[in-house]
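Heads up: the structure comes next, in structure tokens.
All of the numbers you see were taken from the coordinates with simple rules; none came from a lab. What you see is a predicted model; the values in this text were computed from it and never measured. So basically every Cβ, Gly included, is an ideal-geometry build from the backbone, and we count neighbours across all protein chains shown.
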Amino acid sequence: MRLLVTGVSGLLGSNVAAAASQQSWSVVGTWQEEPVSLLGARTAQLDVTDRHACVALAEELEPDILVHAGAPSGDGRLERDPRLAEADWLGAENTLAAARAVRARYALVSCEHVFGGSRPPGECWDEEDPTEPTTALGRSLLAREQLVQGFRGSWLITRPADVYGINLAIPAGAETRVPTPRSPLPVQVDERAQYVWERSGQPLRWVTSLRAGRLLLAPAGVRRTPTYAWDYAQRLCELIAQECEGIFNMAGPTILGRLAQMRLLARAFGCEMELVRDGPVAPLLPANTALCDRKATFMLGHSAVDPFSGYRLMRRQLERLLESIDPPTASPARPLVLQGLG
């Protein structure tokens, strides 16, 4: 099977491309601004806002399925500049045009923020619930989903929730050698380490602060179902292999408040759990976007990885990639309030 995966410089895109390559599929991943490579896959530059470039690359590669995993603009940037939502929408429209040109199936990586978060504690959103986004990010994601649902070919939308994991992309210049028992680690570890710590999402940035002894103030009332990126990528590959269509929530199995989530992360990485404390209510975060993935579990026949197991797997994965798990230094001067969408 031939896959074209956009956004492989990001956490989700790199994991999807790597998981697909393990299936012995032919994988080409695209990056837009920062050149990267990926073990087991070829990579190429692609500006998804350029329709001609998208169609031309698809016609050259003739993929069986195009996976659009390019990350949308962050919520803060979208709030400040709504015009960025147009670029996100164009990325979906142009990649759909590319899939249409070669009659490829299409898969969109969305997320839980298409829901409004007004569910009571302990209740999850499922695929049939009405989407009521309350943030600029949620509205941008929903616009992309609606565009895909109008596609006349075969389409698949997945919604991973509160993703954590390790970015598997290798930045340009950080070449690796084939691992050996005597030397199992990448060459130019420092450059690769910096990329991994900075580009793997909020959880590793939180670990950086915790290991520096910095307080983390978890926003009160926020509940999520954390999803391990590698687990999600493998499950997406199963959906693709089974030629599934429609919308699938792809969440972890446990609903957690931010305080509990961060303390599990601290425990898994050997950090001081008492550094994570209750903070104020976060005004921009939906209170509850926990997802139910019964539909995906039924189709695939297994449940997702629980958060604590996922965090330990993430740590082991990080240790295999890097010589040391010591992160960059973070200033312990003042508490960090967890207001990012993570």
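Data for the structure
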quantity	calculated
Computed E for Q202/S24 - FRET, C-beta separation, R0 45 angstrom, nearest 0.05	0.85
Mean Cβ neighbour count within 10 Å, used as a protection proxy, ranking 64-70, 152-158 highest first	64-70, 152-158
Unit charges at the beta carbon, dipole of the chain: most positive-side option, M299, Q194, A136	Q194
J(HN,Hα) series, region 160-165, from Karplus relation 6.51 cos²θ - 1.76 cosθ + 1.60, nearest Hz, glycine and proline x	x, 10, 6, 6, 9, x
Cβ charges +1 (Lys, Arg) and -1 (Asp, Glu), total dipole of the chain, debye	740 debye
Descending semi-axes in Å of the chain, equivalent ellipsoid built from Cα gyration tensor	30, 25, 18
Likely footprinting exposure, D126, D162, fewest C-beta neighbours within 10 Å first	D126, D162
Rg in Å to one decimal, and Dmax rounded to a whole Å, for region 92-162 via C-alpha atoms	13.5, 45
Helical contribution to [θ] at 222 nm, DSSP H n ≥ 4, -39,500 (n - 2.57), averaged over the chain, rounded to 500	-11500 deg cm²/dmol
